[in-house]
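The values are calculated or read from the model by the stated rules, or taken from the named source; none is laboratory data. The model shown is predicted, which means the values in this text are computed figures rather than measured ones. Glycine also receives a Cβ, built like all others from the backbone with ideal geometry; neighbour counts cover every protein chain displayed. What goes into the accessible areas is simple: the full protein's heavy atoms, side chains included, and nothing from ligands, DNA or RNA. Shrake-Rupley method; radii C 1.70, N 1.55, O 1.52, S 1.80 Å.
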Amino acid sequence: MRVALLGLRLMCLAWLWPITQLRGSHLPNKRRHKDEYVGENTRQKQGGRVDLKMKKMDSTKSLLIKSEQLLRIEDHDFAMRPGFGGSAIPVGIDVQVESIDSISEVNMDFTMTLYLRHYWQDDRLAFPSSSNKSRTFDSRLVKKIWVPDVFFVHSKRSFIHDTTTENIMLRVYPDGNILYSVRITVTALCSMDFSSFPLDTQNCSLELESYAYNENDLMLYWKNGNDSLRTEEIVLSQFFVEDFQPSFGLAFYSSTGSYNRLYINFILRRHIFFFMLQTYFPTMLMVMLSWVSFWIDRRAVPARVSLGITTVLTMSTIITGVSASMPQVSYVKAVDIYLWASFLFVFLSVIEYATVNYFTTVEEMKRLRRAKMPSSFNTTQAMAFDGCYHDNDIDLTPFSEVSSPPNTERNTQTRNSTVSAPTEGTRLRRKHPLIENLSFIMSNSYMIDSYSRVIFPLAYLLFNIIYWSLYA
(Lines give C-alpha, C1' and ligand atoms only; values in the text may rest on other atoms or scores of the structure.)
Protein backbone atom coordinates (compact mmCIF):
# COMPACT_ATOMS: atom_id res chain seq x y z
CA MET A 1 0.00 0.00 0.00
CA ARG A 2 2.73 2.40 0.88
CA VAL A 3 4.53 1.59 -2.36
CA ALA A 4 1.38 2.45 -4.33
CA LEU A 5 1.01 5.86 -2.60
CA LEU A 6 4.66 6.68 -3.19
CA GLY A 7 4.35 5.84 -6.86
CA LEU A 8 1.24 8.06 -7.18
CA ARG A 9 3.09 11.06 -5.65
CA LEU A 10 6.01 10.61 -8.03
CA MET A 11 3.63 10.59 -10.99
CA CYS A 12 1.99 13.84 -9.78
CA LEU A 13 5.36 15.56 -9.37
CA ALA A 14 6.43 14.40 -12.79
CA TRP A 15 3.24 15.89 -14.25
CA LEU A 16 3.48 19.28 -12.44
CA TRP A 17 7.19 19.94 -13.05
CA PRO A 18 6.93 21.11 -16.75
CA ILE A 19 4.17 23.60 -15.86
CA THR A 20 6.32 25.13 -13.11
CA GLN A 21 9.23 25.59 -15.52
CA LEU A 22 7.05 27.36 -18.05
CA ARG A 23 5.78 29.91 -15.47
CA GLY A 24 9.30 30.59 -14.23
CA SER A 25 10.57 31.33 -17.74
CA HIS A 26 7.99 34.22 -18.27
CA LEU A 27 8.64 36.07 -14.94
CA PRO A 28 12.11 37.54 -15.77
CA ASN A 29 10.78 39.04 -19.01
CA LYS A 30 8.07 40.93 -17.10
CA ARG A 31 10.61 42.36 -14.67
CA ARG A 32 12.84 43.41 -17.53
CA HIS A 33 9.97 45.19 -19.31
CA LYS A 34 9.02 47.00 -16.09
CA ASP A 35 12.56 48.22 -15.55
CA GLU A 36 12.72 49.53 -19.10
CA TYR A 37 9.40 51.37 -18.64
CA VAL A 38 10.57 53.08 -15.47
CA GLY A 39 13.88 53.97 -17.10
CA GLU A 40 12.18 55.60 -20.05
CA ASN A 41 9.94 57.68 -17.81
CA THR A 42 12.85 58.91 -15.68
CA ARG A 43 15.14 59.70 -18.61
CA GLN A 44 16.29 63.35 -18.85
CA LYS A 45 16.55 65.45 -22.00
CA GLN A 46 20.31 65.01 -22.02
CA GLY A 47 19.84 61.28 -22.30
CA GLY A 48 20.89 60.34 -18.75
CA ARG A 49 18.90 58.35 -16.17
CA VAL A 50 17.58 59.80 -12.94
CA ASP A 51 16.98 57.65 -9.93
CA LEU A 52 13.34 57.16 -9.03
CA LYS A 53 13.93 58.39 -5.48
CA MET A 54 15.48 61.65 -6.77
CA LYS A 55 12.46 62.21 -8.95
CA LYS A 56 10.13 61.89 -5.97
CA MET A 57 12.20 64.46 -4.01
CA ASP A 58 12.02 67.06 -6.87
CA SER A 59 9.07 69.36 -5.97
CA THR A 60 9.87 72.31 -8.25
CA LYS A 61 6.93 71.67 -10.52
CA SER A 62 4.47 71.80 -7.64
CA LEU A 63 6.06 74.75 -5.76
CA LEU A 64 3.39 77.22 -6.86
CA ILE A 65 0.64 74.83 -5.87
CA LYS A 66 2.21 74.34 -2.48
CA SER A 67 2.57 78.10 -2.04
CA GLU A 68 -1.10 78.62 -2.84
CA GLN A 69 -1.97 75.95 -0.32
CA LEU A 70 0.33 77.53 2.24
CA LEU A 71 -1.23 80.97 1.72
CA ARG A 72 -4.73 79.47 1.58
CA ILE A 73 -5.60 81.39 -1.55
CA GLU A 74 -8.54 79.18 -2.41
CA ASP A 75 -10.06 79.69 1.03
CA HIS A 76 -10.63 83.46 0.64
CA ASP A 77 -12.32 85.86 -1.70
CA PHE A 78 -9.55 88.21 -2.82
CA ALA A 79 -11.96 90.31 -4.86
CA MET A 80 -12.64 92.14 -1.59
CA ARG A 81 -10.10 94.37 0.09
CA PRO A 82 -8.57 93.33 3.44
CA GLY A 83 -10.77 94.24 6.37
CA PHE A 84 -13.80 94.86 4.20
CA GLY A 85 -16.53 96.64 6.13
CA GLY A 86 -14.13 98.05 8.69
CA SER A 87 -11.81 101.02 8.73
CA ALA A 88 -9.75 102.09 5.72
CA ILE A 89 -6.75 99.90 4.95
CA PRO A 90 -3.47 101.89 5.08
CA VAL A 91 -1.25 101.45 2.02
CA GLY A 92 2.25 102.91 2.20
CA ILE A 93 3.96 104.10 -0.96
CA ASP A 94 7.68 104.22 -1.66
CA VAL A 95 9.07 105.55 -4.97
CA GLN A 96 12.55 105.43 -6.43
CA VAL A 97 12.96 107.53 -9.58
CA GLU A 98 15.29 105.82 -12.01
CA SER A 99 15.36 108.42 -14.78
CA ILE A 100 13.52 111.27 -16.47
CA ASP A 101 13.59 110.12 -20.06
CA SER A 102 12.25 113.16 -21.92
CA ILE A 103 10.55 116.53 -21.49
CA SER A 104 8.49 117.94 -24.33
CA GLU A 105 7.59 121.62 -24.44
CA VAL A 106 5.40 121.15 -27.52
CA ASN A 107 3.24 118.42 -25.91
CA MET A 108 3.66 119.79 -22.38
CA ASP A 109 4.51 116.41 -20.83
CA PHE A 110 7.37 114.43 -19.37
CA THR A 111 8.34 110.75 -19.33
CA MET A 112 9.67 109.14 -16.15
CA THR A 113 10.82 105.62 -15.24
CA LEU A 114 10.42 104.65 -11.59
CA TYR A 115 10.11 101.81 -9.09
CA LEU A 116 6.71 101.94 -7.38
CA ARG A 117 6.47 99.97 -4.14
CA HIS A 118 3.31 99.30 -2.10
CA TYR A 119 3.19 98.21 1.55
CA TRP A 120 0.09 96.86 3.29
CA GLN A 121 -1.06 94.02 5.53
CA ASP A 122 -3.44 91.24 4.56
CA ASP A 123 -4.07 88.74 7.35
CA ARG A 124 -5.55 86.32 4.84
CA LEU A 125 -2.04 85.69 3.47
CA ALA A 126 -0.37 85.06 6.85
CA PHE A 127 1.34 81.65 7.09
CA PRO A 128 3.23 79.73 9.78
CA SER A 129 7.02 79.83 9.55
CA SER A 130 9.59 78.57 12.01
CA SER A 131 12.38 80.68 10.51
CA ASN A 132 10.21 83.82 10.09
CA LYS A 133 11.44 84.20 6.51
CA SER A 134 9.44 85.86 3.76
CA ARG A 135 8.45 84.30 0.48
CA THR A 136 8.99 86.09 -2.85
CA PHE A 137 6.77 85.53 -5.88
CA ASP A 138 6.43 86.87 -9.40
CA SER A 139 3.48 88.20 -11.36
CA ARG A 140 1.67 84.83 -11.52
CA LEU A 141 0.58 85.03 -7.89
CA VAL A 142 -0.19 88.76 -8.09
CA LYS A 143 -3.16 88.01 -10.37
CA LYS A 144 -4.75 85.78 -7.71
CA ILE A 145 -4.68 88.10 -4.70
CA TRP A 146 -5.87 91.63 -3.86
CA VAL A 147 -3.45 94.49 -4.66
CA PRO A 148 -4.02 98.28 -4.43
CA ASP A 149 -5.42 99.86 -7.61
CA VAL A 150 -3.04 102.84 -7.70
CA PHE A 151 -3.00 104.81 -10.96
CA PHE A 152 -1.28 107.97 -12.24
CA VAL A 153 -3.48 111.05 -12.50
CA HIS A 154 -3.11 113.06 -15.75
CA SER A 155 -1.04 110.29 -17.32
CA LYS A 156 -1.13 110.01 -21.10
CA ARG A 157 0.39 106.53 -21.36
CA SER A 158 2.25 104.11 -19.13
CA PHE A 159 3.44 100.52 -19.13
CA ILE A 160 5.11 97.94 -16.92
CA HIS A 161 8.44 96.70 -18.22
CA ASP A 162 8.43 93.07 -19.34
CA THR A 163 12.01 92.37 -20.44
CA THR A 164 13.08 89.67 -19.89
CA THR A 165 10.08 88.95 -17.67
CA GLU A 166 7.45 91.21 -16.15
CA ASN A 167 9.18 93.52 -13.68
CA ILE A 168 6.81 92.67 -10.83
CA MET A 169 7.81 91.42 -7.40
CA LEU A 170 5.56 90.25 -4.54
CA ARG A 171 7.03 89.53 -1.12
CA VAL A 172 4.82 88.01 1.61
CA TYR A 173 5.89 87.90 5.27
CA PRO A 174 4.62 85.34 7.80
CA ASP A 175 2.58 87.98 9.69
CA GLY A 176 0.70 89.00 6.51
CA ASN A 177 2.72 92.11 5.63
CA ILE A 178 3.14 92.48 1.87
CA LEU A 179 5.59 94.31 -0.37
CA TYR A 180 4.45 94.77 -3.96
CA SER A 181 6.95 96.40 -6.36
CA VAL A 182 6.65 97.24 -10.07
CA ARG A 183 8.91 99.04 -12.56
CA ILE A 184 6.89 101.51 -14.60
CA THR A 185 7.48 104.09 -17.32
CA VAL A 186 4.82 106.80 -17.37
CA THR A 187 4.22 109.86 -19.55
CA ALA A 188 2.23 112.50 -17.68
CA LEU A 189 1.00 116.03 -18.23
CA CYS A 190 3.00 119.00 -16.94
CA SER A 191 1.34 122.41 -17.14
CA MET A 192 4.24 124.61 -18.18
CA ASP A 193 4.41 128.41 -18.13
CA PHE A 194 6.56 129.80 -20.95
CA SER A 195 6.32 133.48 -20.01
CA SER A 196 10.05 133.50 -19.17
CA PHE A 197 11.18 130.99 -21.81
CA PRO A 198 14.07 130.14 -22.19
CA LEU A 199 15.00 131.66 -18.83
CA ASP A 200 12.21 129.75 -17.14
CA THR A 201 11.80 127.30 -14.26
CA GLN A 202 9.10 124.63 -14.51
CA ASN A 203 7.27 122.93 -11.64
CA CYS A 204 6.02 119.46 -12.58
CA SER A 205 4.39 116.75 -10.52
CA LEU A 206 3.44 113.10 -10.85
CA GLU A 207 0.23 112.29 -8.96
CA LEU A 208 -0.79 108.88 -7.55
CA GLU A 209 -4.27 107.96 -6.46
CA SER A 210 -6.51 104.94 -5.87
CA TYR A 211 -8.97 104.48 -8.71
CA ALA A 212 -11.84 102.63 -6.97
CA TYR A 213 -11.33 103.05 -3.21
CA ASN A 214 -12.01 106.44 -1.65
CA GLU A 215 -10.63 107.62 1.68
CA ASN A 216 -13.17 105.52 3.59
CA ASP A 217 -11.77 102.28 2.14
CA LEU A 218 -8.10 102.96 1.38
CA MET A 219 -5.65 105.43 2.87
CA LEU A 220 -2.57 106.22 0.79
CA TYR A 221 0.44 107.68 2.58
CA TRP A 222 4.17 108.03 2.13
CA LYS A 223 5.83 105.06 3.82
CA ASN A 224 8.84 106.92 5.25
CA GLY A 225 7.77 110.55 5.01
CA ASN A 226 10.13 112.70 2.95
CA ASP A 227 12.55 109.78 2.69
CA SER A 228 9.96 107.82 0.72
CA LEU A 229 11.09 109.51 -2.49
CA ARG A 230 14.59 108.55 -3.60
CA THR A 231 16.35 109.48 -6.79
CA GLU A 232 19.52 108.56 -8.55
CA GLU A 233 21.74 111.17 -10.18
CA ILE A 234 19.65 112.48 -13.08
CA VAL A 235 21.33 114.38 -15.92
CA LEU A 236 19.18 116.04 -18.59
CA SER A 237 20.25 117.78 -21.78
CA GLN A 238 18.17 120.95 -21.35
CA PHE A 239 17.33 121.09 -17.65
CA PHE A 240 18.79 121.01 -14.17
CA VAL A 241 16.72 118.97 -11.73
CA GLU A 242 16.79 121.24 -8.70
CA ASP A 243 14.57 119.44 -6.20
CA PHE A 244 12.41 116.35 -5.62
CA GLN A 245 9.78 116.71 -2.92
CA PRO A 246 6.89 114.39 -1.90
CA SER A 247 3.56 115.77 -0.72
CA PHE A 248 -0.01 114.60 -0.23
CA GLY A 249 -3.55 115.90 -0.39
CA LEU A 250 -7.18 115.07 -1.07
CA ALA A 251 -8.93 114.97 -4.42
CA PHE A 252 -12.70 115.46 -4.37
CA TYR A 253 -15.06 114.13 -7.02
CA SER A 254 -18.71 115.08 -6.81
CA SER A 255 -19.99 111.64 -7.73
CA THR A 256 -17.64 109.30 -5.84
CA GLY A 257 -16.22 111.28 -2.92
CA SER A 258 -12.71 112.16 -1.71
CA TYR A 259 -9.57 110.21 -2.50
CA ASN A 260 -6.09 110.33 -1.03
CA ARG A 261 -3.58 111.67 -3.54
CA LEU A 262 0.21 111.59 -3.38
CA TYR A 263 2.42 114.04 -5.30
CA ILE A 264 5.96 113.68 -6.62
CA ASN A 265 7.01 117.30 -7.13
CA PHE A 266 10.20 118.28 -8.93
CA ILE A 267 11.60 121.59 -10.18
CA LEU A 268 13.30 121.91 -13.57
CA ARG A 269 15.54 124.85 -14.44
CA ARG A 270 16.44 125.22 -18.09
CA HIS A 271 19.98 125.37 -19.45
CA ILE A 272 20.43 128.79 -21.09
CA PHE A 273 23.71 128.13 -22.91
CA PHE A 274 22.06 126.20 -25.76
CA PHE A 275 19.70 129.07 -26.51
CA MET A 276 22.50 131.60 -26.20
CA LEU A 277 24.34 129.82 -29.02
CA GLN A 278 21.30 129.11 -31.18
CA THR A 279 19.20 132.24 -30.71
CA TYR A 280 20.63 135.14 -28.72
CA PHE A 281 24.16 135.39 -30.16
CA PRO A 282 23.01 135.19 -33.82
CA THR A 283 20.36 137.81 -33.10
CA MET A 284 22.90 140.16 -31.53
CA LEU A 285 25.22 139.74 -34.50
CA MET A 286 22.42 140.51 -36.98
CA VAL A 287 21.56 143.71 -35.12
CA MET A 288 25.21 144.78 -35.04
CA LEU A 289 25.54 143.93 -38.71
CA SER A 290 22.69 146.28 -39.52
CA TRP A 291 24.68 149.13 -37.93
CA VAL A 292 27.41 148.74 -40.54
CA SER A 293 25.21 150.60 -43.01
CA PHE A 294 25.63 153.79 -40.94
CA TRP A 295 29.30 153.88 -41.98
CA ILE A 296 28.60 153.24 -45.65
CA ASP A 297 28.30 156.26 -47.94
CA ARG A 298 24.71 157.42 -48.26
CA ARG A 299 25.10 157.50 -52.06
CA ALA A 300 25.84 153.73 -52.18
CA VAL A 301 22.20 152.72 -52.42
CA PRO A 302 22.65 149.07 -53.55
CA ALA A 303 25.10 148.30 -50.75
CA ARG A 304 22.99 149.75 -47.96
CA VAL A 305 19.66 148.41 -49.21
CA SER A 306 20.98 144.87 -49.74
CA LEU A 307 22.58 144.88 -46.28
CA GLY A 308 19.34 146.03 -44.66
CA ILE A 309 17.16 143.50 -46.49
CA THR A 310 19.58 140.65 -45.68
CA THR A 311 19.50 141.36 -41.95
CA VAL A 312 15.71 141.65 -41.97
CA LEU A 313 15.28 138.28 -43.72
CA THR A 314 17.77 136.61 -41.38
CA MET A 315 15.89 137.85 -38.35
CA SER A 316 12.64 136.55 -39.84
CA THR A 317 14.24 133.10 -40.25
CA ILE A 318 15.42 133.04 -36.64
CA ILE A 319 11.97 134.02 -35.34
CA THR A 320 10.29 131.34 -37.48
CA GLY A 321 12.70 128.64 -36.27
CA VAL A 322 12.13 129.43 -32.61
CA SER A 323 8.34 129.56 -33.02
CA ALA A 324 8.27 126.16 -34.75
CA SER A 325 9.83 124.42 -31.73
CA MET A 326 7.43 125.96 -29.23
CA PRO A 327 3.77 125.32 -28.39
CA GLN A 328 1.23 127.74 -29.80
CA VAL A 329 0.56 129.73 -26.66
CA SER A 330 -1.52 132.88 -26.58
CA TYR A 331 0.86 134.96 -24.46
CA VAL A 332 4.22 136.58 -25.13
CA LYS A 333 7.39 134.71 -24.16
CA ALA A 334 10.66 136.25 -23.08
CA VAL A 335 12.41 135.07 -26.23
CA ASP A 336 9.67 136.69 -28.33
CA ILE A 337 10.31 140.03 -26.67
CA TYR A 338 14.03 139.82 -27.41
CA LEU A 339 13.61 138.63 -31.00
CA TRP A 340 10.97 141.17 -31.93
CA ALA A 341 12.84 144.02 -30.25
CA SER A 342 15.96 143.03 -32.19
CA PHE A 343 13.90 142.78 -35.36
CA LEU A 344 12.65 146.32 -34.68
CA PHE A 345 16.24 147.61 -34.43
CA VAL A 346 17.11 145.97 -37.76
CA PHE A 347 13.96 147.31 -39.37
CA LEU A 348 14.63 150.84 -38.06
CA SER A 349 18.10 150.76 -39.59
CA VAL A 350 16.47 150.22 -43.00
CA ILE A 351 13.97 153.00 -42.32
CA GLU A 352 16.87 155.22 -41.25
CA TYR A 353 18.53 154.89 -44.62
CA ALA A 354 15.24 155.51 -46.43
CA THR A 355 14.93 158.75 -44.45
CA VAL A 356 18.52 159.76 -45.20
CA ASN A 357 18.07 159.06 -48.89
CA TYR A 358 14.86 161.06 -49.03
CA PHE A 359 16.27 164.09 -47.20
CA THR A 360 19.37 164.00 -49.37
CA THR A 361 17.27 164.04 -52.51
CA VAL A 362 15.12 166.93 -51.25
CA GLU A 363 18.19 168.91 -50.20
CA GLU A 364 19.93 168.57 -53.54
CA MET A 365 16.82 169.42 -55.47
CA LYS A 366 16.52 172.63 -53.44
CA ARG A 367 20.11 173.50 -54.26
CA LEU A 368 19.43 173.00 -57.92
CA ARG A 369 16.42 175.30 -57.75
CA ARG A 370 18.44 177.98 -55.98
CA ALA A 371 21.04 177.80 -58.73
CA LYS A 372 18.35 178.89 -61.29
CA MET A 373 19.62 176.66 -64.03
CA PRO A 374 18.90 177.73 -67.61
CA SER A 375 16.18 175.92 -69.49
CA SER A 376 18.77 174.35 -71.81
CA PHE A 377 20.35 172.44 -68.90
CA ASN A 378 19.54 168.72 -68.95
CA THR A 379 18.72 167.62 -65.40
CA THR A 380 19.10 163.94 -66.23
CA GLN A 381 22.84 164.46 -66.58
CA ALA A 382 22.95 165.47 -62.92
CA MET A 383 21.11 162.41 -61.71
CA ALA A 384 23.19 159.66 -60.14
CA PHE A 385 22.50 155.99 -60.73
CA ASP A 386 20.41 155.90 -57.57
CA GLY A 387 18.05 158.67 -58.64
CA CYS A 388 19.45 161.35 -56.30
CA TYR A 389 21.10 164.66 -56.98
CA HIS A 390 24.65 164.93 -55.68
CA ASP A 391 26.97 167.83 -55.08
CA ASN A 392 29.93 166.18 -56.76
CA ASP A 393 27.96 165.33 -59.91
CA ILE A 394 26.88 168.89 -60.68
CA ASP A 395 29.23 171.73 -61.47
CA LEU A 396 27.42 174.88 -60.53
CA THR A 397 30.29 177.36 -61.17
CA PRO A 398 29.84 177.85 -64.98
CA PHE A 399 26.35 179.24 -64.53
CA SER A 400 26.43 183.03 -64.54
CA GLU A 401 24.71 184.83 -61.79
CA VAL A 402 21.49 186.28 -63.04
CA SER A 403 21.18 189.93 -62.03
CA SER A 404 17.89 191.04 -60.74
CA PRO A 405 16.21 194.05 -62.42
CA PRO A 406 17.08 197.30 -60.73
CA ASN A 407 14.51 198.56 -58.35
CA THR A 408 15.86 201.91 -57.32
CA GLU A 409 12.79 202.93 -55.46
CA ARG A 410 12.84 199.88 -53.21
CA ASN A 411 16.61 200.14 -52.65
CA THR A 412 16.31 203.81 -51.78
CA GLN A 413 13.47 203.08 -49.42
CA THR A 414 15.45 200.33 -47.81
CA ARG A 415 18.51 202.46 -47.28
CA ASN A 416 16.62 205.41 -45.97
CA SER A 417 14.27 203.54 -43.76
CA THR A 418 15.19 202.96 -40.15
CA VAL A 419 14.14 200.07 -38.00
CA SER A 420 11.18 201.26 -36.03
CA ALA A 421 9.64 199.62 -32.99
CA PRO A 422 6.59 197.49 -33.61
CA THR A 423 3.35 199.22 -33.13
CA GLU A 424 1.11 198.38 -30.22
CA GLY A 425 -0.83 195.19 -30.63
CA THR A 426 1.67 193.62 -33.02
CA ARG A 427 2.68 189.97 -32.08
CA LEU A 428 6.18 188.74 -32.83
CA ARG A 429 6.35 185.10 -33.91
CA ARG A 430 9.39 182.95 -33.39
CA LYS A 431 9.97 179.49 -34.80
CA HIS A 432 9.89 176.59 -32.36
CA PRO A 433 13.38 175.21 -31.53
CA LEU A 434 12.31 171.67 -32.43
CA ILE A 435 11.16 172.79 -35.86
CA GLU A 436 14.39 174.71 -36.36
CA ASN A 437 16.46 171.65 -35.39
CA LEU A 438 14.41 169.43 -37.67
CA SER A 439 14.86 171.82 -40.56
CA PHE A 440 18.57 171.94 -39.86
CA ILE A 441 18.81 168.13 -39.88
CA MET A 442 16.79 167.94 -43.10
CA SER A 443 19.15 170.36 -44.75
CA ASN A 444 22.12 168.36 -43.44
CA SER A 445 20.95 164.75 -43.89
CA TYR A 446 24.44 163.30 -43.43
CA MET A 447 24.08 164.12 -39.72
CA ILE A 448 21.36 161.44 -39.39
CA ASP A 449 23.96 158.73 -40.01
CA SER A 450 26.28 160.40 -37.50
CA TYR A 451 23.62 160.41 -34.80
CA SER A 452 22.51 156.85 -35.62
CA ARG A 453 26.05 155.54 -35.06
CA VAL A 454 25.67 156.51 -31.40
CA ILE A 455 21.94 156.29 -30.71
CA PHE A 456 21.34 152.76 -32.05
CA PRO A 457 24.14 151.01 -30.07
CA LEU A 458 23.29 152.88 -26.87
CA ALA A 459 19.58 152.08 -27.20
CA TYR A 460 20.29 148.38 -27.87
CA LEU A 461 22.70 148.24 -24.94
CA LEU A 462 20.07 149.79 -22.67
CA PHE A 463 17.49 147.29 -23.90
CA ASN A 464 19.82 144.35 -23.11
CA ILE A 465 20.52 145.66 -19.62
CA ILE A 466 16.81 145.93 -18.85
CA TYR A 467 16.00 142.57 -20.45
CA TRP A 468 18.63 140.48 -18.67
CA SER A 469 18.03 142.19 -15.35
CA LEU A 470 14.33 141.26 -15.52
CA TYR A 471 14.59 137.65 -16.75
CA ALA A 472 18.05 136.35 -15.84
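Key figures
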item: Segments 257-268, 151-162 sorted - mean Cβ within 10 Å per residue, highest first; result: 257-268, 151-162
item: Ranked packing of 244-252, 73-81, 286-294, most packed first, by mean Cβ within 10 Å; result: 286-294, 244-252, 73-81
item: Highest to lowest packing among 192-199, 314-321, scored as the average C-beta count within 10 Å; result: 192-199, 314-321
item: Nearest-10 value in Å² for the accessible area of Leu458, using the 1.4 Å probe; result: 110
item: Cα-centre dipole for region 200-325 with unit charges at Cβ (Lys and Arg positive, Asp and Glu negative), debye to 20; result: 940
item: Span from the region 140-185 Cα centroid across to the region 67-122 one, whole angstrom; result: 6
item: Heavy-atom surface of region 110-190, accessible at 1.4 Å and reported per residue (Å²); result: 49
item: Using θ = phi - 60° and Karplus 6.51 cos²θ - 1.76 cosθ + 1.60, couplings along region 152-160 (whole Hz; Gly, Pro as x); result: 9, 6, 6, 7, 8, 7, 7, 7, 9
item: Share of alpha-carbon pairs per 5 Å distance bin for region 143-301, given as whole %; result: 2, 6, 10, 14, 15, 12, 9, 7, 5, 4, 4, 3, 3, 2, 2, 1, 1, 0, 0, 0
item: Residue-wise HN-Hα coupling along region 130-141, computed from phi with Karplus coefficients 6.51, -1.76, 1.60 (Hz; x: Gly, Pro); result: 6, 8, 6, 9, 7, 10, 10, 10, 9, 5, 5, 7
item: Karplus (6.51, -1.76, 1.60) ³J(HN,Hα), θ = phi - 60°, over region 457-468, in Hz, Gly and Pro reported as x; result: x, 5, 5, 5, 5, 5, 4, 5, 4, 5, 5, 6
item: 5 angstrom amide H check on Ile267, placed H, neighbours 5+ away; result: Glu242, Asp243
item: Dipole of region 319-371 [Lys/Arg +1, Asp/Glu -1 at C-beta], most positive-end residue of Tyr338, Gly321, Val350; result: Val350
item: Protein accessible area in region 266-342, 1.4 Å probe - carbon and sulfur %; result: 74
